[in-house]
1. Nearest 10 degrees is fine. How inclined is helix 3-25 to the longest principal axis of the chain, computing both from alpha carbons?
2. Under a straight-distance cross-link criterion of Cα-Cα below 23 Å, which lysines are reachable from Lys198, leaving out those fewer than 8 residues away in the same chain?
3. Principal axis extents for the chain, Cα atoms only, whole Å, descending order, please.
4. Between the helical axis of 238-269 and the dominant principal axis of the chain, each derived from Cα atoms, what acute angle in degrees is found, rounded to the nearest 10?
5. Tell me which residues come under 5 Å, amide H to amide H, from His300 once H is placed; ignore anything under 5 positions away on its chain.
6. If contacts are Cα pairs under 8 angstrom and at least 6 residues apart, what is the relative contact order of the range 76-183 in percent?
7. Residue-wise, which Karplus ³J(HN,Hα) couplings in Hz belong to the range 389-402, taking 6.51 cos²θ - 1.76 cosθ + 1.60, θ = phi - 60°, and x for glycine or proline?
8. Near the amide H of Ser164, under 5 Å away, which other amide H atoms are found, from residues 5 or more places off or on another chain, if H is placed in the peptide plane?
Amino acid sequence: MTPVWRRELRRIVLLLSGALGIGFHFQQPQLAFAVCCAGYVIWQWLQLYRLHHWLEQGQSTQLPTTLGIWGSVFRQTKHLQRRSQKHQQRLQAIINRIQDSTAALQDAVLMVDSHGNLEWWNRAASDFLGLKAPVDVGHPITNLIRNPAFKDYFDAVDYREPLSIPSPVNTQLQLQFNITLFGRKDRLILVHDVTRLKQLEQMRKDFVANVSHELRTPLTVIAGYLETMDMASEQLPPRWQRMITQMSQQSRRMETLISDLLMLSRLETGQQQPPQEVAVTALLQSIVADARALSGERQHAIHLSIESDDRLRGYPDELHSAFSNLVFNAVKYTQERSHIIVRWSHDEQGAWLCVKDNGPGIDEHHIPRLTERFYRADPSRNNQTGGTGLGLAIVKHVLLRHQAELVIRSRLGEGSEFCCHFPLERCHYGAVTAESEPDEHPA
Ligand code: ADP
């Protein structure tokens, strides 16, 4: 038993013995005992009432003081109250500090609950997105940021890549949205101002496009003169003949490089005509015919297999460029008489164009970097093939504009396979084709 309880017990015993003593003195011990018990119970109730009253007042008034066990209860309650006040003040200080620091952030921060309703945001979010406190609290975020791209991105719940859109209050501002899921599908949205970055990127694109465009005219003139000289080269000494042939080859290479750079700039600027229905069979037949011509005496066995006569909704020139880059690469980077299979097929996830060869293959560590501009798996080979190192970058951009993706499978010594996968919404499936086109040069 604790000393407080011991003291309380002693007090009760003293009180009762006092009451009994007085009772015996007046020969009314029962009455004295009953009066003493009643007094004690009333006193207990009074203390209970004071405590309850204090609690009901919201603990704003001073806590009463008293004797005995109740005094101890009041003191401990007061102590607990002080501790909880200190704790609250500490928490409030932390919250204030976090609010101050997020308010000072240049990036916008928003918290959205699991139903997609806005809970909290910082000052930058008000500036970037025009949010107003407190009216916007609890409203669906997709009603406050009215942009179809944002709604699609938010609802898709696939936040691996950020989303870039103009600010709803100032179209000059380019904003990048990064969403992180936490708790039970709550969302933390970070919005970064990427206007300057976008401007620099645009400047870079414009620069490459302008330089390529400006180089084109002088190069055409030089290539024209070289061609004329090449035609009359029998009249020149052999040393000159060799030089002119080399100059013609290099000017042709530069022409290809410039047209690839211009193609990439066009793909990047994103200006598009409305998409068309592209007949895949005719497109692939014409590319395979060109590939056979490119192979010429190297006699590749090129096999075209078309599962069904489908149509693809897209941009015919871009698709022609992407598919021919893959097929021509298979011709360029494999030995003579190699086998190349160009296969068009579809399944419930969409359509596939695969170009498979049994050439030298590509070392695994090159594969993730193949679509980078000017990246070459084997630089020595490119000098012979006249490649620019831009072919697969063009393929990647074309596929991006068709919401498609490039899958590369290759192993050194085991050949390569490049597959383009188109989503269902881009495909119109046609009749199943009975037969594939036979090889031109069966091995
Ligand atoms: P290029 O215009 O030089 O052909 P690409 O971007 O088309 O450049 O290809 C990048 C590199 O990928 C090439 O330099 C080549 O080394 C490698 N590559 C592409 N296709 C094949 C293939 N079918 N077999 C082996 N290597 C390939």
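Bear in mind these aren't lab numbers, they're just calculated from the coordinates by the rules spelled out. All figures in this text were calculated on a predicted structure; none of them were measured in a lab. Here Cβ is always computed from backbone atoms with ideal geometry, including for glycine, and neighbour counts include all displayed protein chains.
1. That works out to roughly 20 degrees.
2. Lys151, Lys396
3. 154, 48, 39
4. Helix 238-269 and the main axis of the chain meet at about 30 degrees.
5. Those lying under 5 Å, H to H, from His300 are Arg337.
6. Numbers: 105 pairs, mean separation 17.0, N = 108.
So the answer I get is 16 percent.
7. Karplus values, whole Hz, x for Gly and Pro: x, 10, x, 6, 5, 5, 4, 4, 5, 4, 5, 4, 6, 10.
8. Phe177
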